[in-house]
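**Student:** Quick one: the structure is below, and I'll ask about it shortly.
Values quoted throughout were computed directly from the atomic coordinates according to the rules given, and no laboratory measurement underlies them. This one's a predicted model, so the numbers in the text were calculated from it and none came from an experiment. Neighbour counts are summed over all protein chains in view; Cβ atoms, including those assigned to glycine, are modelled from backbone coordinates with ideal geometry.
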Amino acid sequence: MKPVATSLGYAGLAPFAASAVGVWLLQDYPRALSQQGFIVYSLAILCFLAGSLWATAMQRSGPDRLLRLLVSNGIVIFAVLSVLTAQAVIAAVLLALAYLAMLWYERGSTAQRGWYSRMRVQLTVLVVALHIAYIAGLVMRGSA
């Protein structure tokens, strides 16, 4: 399970990286596609992570279960509202903050500190860095 999860996790960075590079290097329609694709993909991955949090809530009981369910739904609602701003820079900033919030919640709500926890930290740092690169591309190229 570990090799598959690790491979899929890091492979999931490729669309972020390709879209961020596209914002920096492409013109016209391909650039617009990169710009919009980055935001849509970011939303999709956040929804996936929220679904994973939902699944772990089913294995818990009491107030912890309820809080996990509320956080998972709250992250999705926040992410969708971020995208609905229709402002790429604002959406990207808010989505990056949602990734950090998800990681903060996960790390504070579980005692597990194994390979998965380390991978989640690494992936979140890289995803946030790619959001920063994307935002910088928008600002530097005048799309902000």
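**Student:** Using the per-residue mean of other Cβ atoms lying within 10 Å as a proxy for protection, in what order, highest first, do the peptides 128-140, 97-109 fall?
**Tutor:** With the highest mean Cβ count within 10 Å placed first, the list reads 128-140, 97-109.
**Student:** Moving on to the next point. Could you tell me the calculated FRET efficiency between A17 and L84, based on Cβ-Cβ distance and R0 = 35 angstrom, to the nearest 0.05?
**Tutor:** Approximately 0.90, to the nearest 0.05.
**Student:** Between R113 and A5, what is the FRET efficiency for a Förster distance of 22 Å, r being their Cβ-Cβ separation, to the nearest 0.05?
**Tutor:** Efficiency at R0 = 22 Å is approximately 0.85.
**Student:** Right, something else. Taking +1 at the Cβ of each Lys and Arg and -1 at the Cβ of each Asp and Glu, which of G62, A92, G74 sits farthest along the dipole of the chain towards its positive end, judged by Cα position relative to the Cα centre?
**Tutor:** The Cα lying farthest towards the positive end belongs to G62.
**Student:** Please get the size of the charge dipole for the chain, origin at its Cα centre, with Cβ charges of +1 on Lys and Arg and -1 on Asp and Glu, quoted in debye to the nearest 20.
**Tutor:** That gives the chain a dipole magnitude of about 400 debye.
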